[in-house]
Amino acid sequence: MVRTFFAVMMAAFLLAGCSQGNVTEDDSLKQYFDAAGVNGSFGMFDNGQGHFTIYNLRRYRDSSYLPAATFDIVQSLIGVQTGVVKDDSAVVSGTVTLREAFRDANTIAFQDLARRIGKDTLKKWIDSLGYGNKDMGSDSFWMDNHLTINSDEQLGLTKKLYFDQLPFFPRSQKVVRQMMLMESNSNYQLSYKMGTGVRKDGHTLTWCMGWVEENKHPYFFVLTLDKAGAENDLEPAGLSILKNILKQQGFFQGKK
């Protein structure tokens, strides 16, 4: 259900005969990755115009990685949907609430939540969503490179979450959207989830996915970056790259 968002949209554009005008490959964004000393990709979808802006299209479309803590989105949806947790204030592990675990990317808390939900139930929902390669190889499958997903699939998930189009109750989706809201003022609202893990090749990988909204117009984005070495803290760099790209695209002024 969340698979091949770009491919599906491009098929529609091809039928309409306007594919060339709906995808911009923007190599100027490379400067932000280079400045941080990382490799990566970026994709944004302007929902109102049906337009993609993409840097490093091949990686965006074809490379799949462990979701790391971005899988907290799906696991939180399942937890609330099934009643294992009532809402974001429910305790999921020790004294840690769902909101705290989500904001802090608390792997231990989400391991506890996964055990409470049960592997069969998780598998049912992962299959229903068509999430990535659907491989649940261990108790921490979202962190150990069994489960993998590409940027295009992540973008599709994000868009469906925003519009209540995932196969969960609207309330479940609202709870997760509220946890993703990180910045809100009169000019814009910025919602995202980050996740960091180690790829099979030993590179640290970081995701940042979500949406920026101005004047009630949502723009969905997915950013990936990686660097050799398993001990890198790439999340500050990822957030900086994201904000630099959004500024270059004209966001944060309330004029989009």
> Restricting attention to region 166-189, which residues are loosely packed, with under 14 Cβ neighbours inside 10 Å and touching an Asp or Glu at 6+ places or on another chain (Cβ under 6 Å)?
Replying inline: 170
>> Any residue that is at pLDDT below 95 and touching a strand residue (DSSP E or B) at 6+ places or on another chain (Cβ under 7 Å) - is there at least one of those in region 238-245?
In response: no
> Since residue 126 meets every condition but one in (1) of a type in the set (Val, Ile, Thr); (2) under 27 Å from residue 233 (Cα atoms); (3) crowded, with 22+ Cβ neighbours inside 10 Å, which condition does it not meet?
Replying inline: (2)
> Does region 72-109 hold any residues that are touching an Asp or Glu at 6+ places or on another chain (Cβ under 6 Å) and either of a type in the set (Phe, Trp, Tyr) or under 14 Å from residue 141 (Cα atoms) (or both), and which are they?
Replying inline: 102
> Would it be correct to say that residue 213 is more than 18 Å from residue 76 (Cβ to Cβ), in a loop (DSSP other than H, G, I, E, B) and among the charged types (D, E, K, R)?
Replying inline: no
>> Looking at region 149-172, I want the residues that are basic (Lys, Arg) and have a partner that is surrounded by 19 or more Cβ atoms within 10 Å (Cβ to Cβ) with Cβ atoms under 6 Å, at least 6 apart or on another chain. Which pairs are those?
In response: 159/220; 160/166
> Across region 94-129, which residue is nearest to the chain's Cα centre (by Cα) among those that are under 26 Å from residue 181 (Cβ atoms) and in a loop (DSSP other than H, G, I, E, B)?
Replying inline: 105
> Which of the residues that make up region 185-233 are of a type in the set (Ser, Thr, Tyr), in contact with a strand residue (DSSP E or B) (Cβ under 9 Å, 6 or more places away or on another chain) and either farther than 22 Å from residue 80 by Cβ or touching a residue at least 60 places away in the same chain (Cβ under 8 Å) (or both)?
Replying inline: 188, 196, 204, 206, 219, 224
> Could you list, in sequence order, the residues of region 57-84 that are of a type in the set (A, V, I, L, M) and either within 15 Å of residue 209 (Cβ to Cβ) or part of a helix (DSSP H, G or I) (or both)?
Replying inline: 57, 66, 68, 69, 73, 74, 77, 78, 80
> What residue, of 70, 97, 121, is touching a helix residue (DSSP H, G or I) at 6+ places or on another chain (Cβ under 7 Å), more than 30 Å from residue 203 (Cβ to Cβ) and surrounded by 15 or more Cβ atoms within 10 Å (Cβ to Cβ)?
Replying inline: 121
> Within region 33-56, which residues are touching a Ser or Thr at 6+ places or on another chain (Cβ under 8 Å) and assigned to a helix (DSSP H, G or I)?
Replying inline: 36
> Quick one: how many residues across region 220-256 are in a helix (DSSP H, G or I) and hydroxyl-bearing (Ser, Thr, Tyr)?
Replying inline: 1
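The values are calculated or read from the model by the stated rules, or taken from the named source; none is laboratory data. Remember, predicted model here, so these are calculated numbers, not experimental data. As a convention, Cβ positions derive from the backbone with ideal geometry for all residues, glycine included, and neighbour counts pool all protein chains shown.
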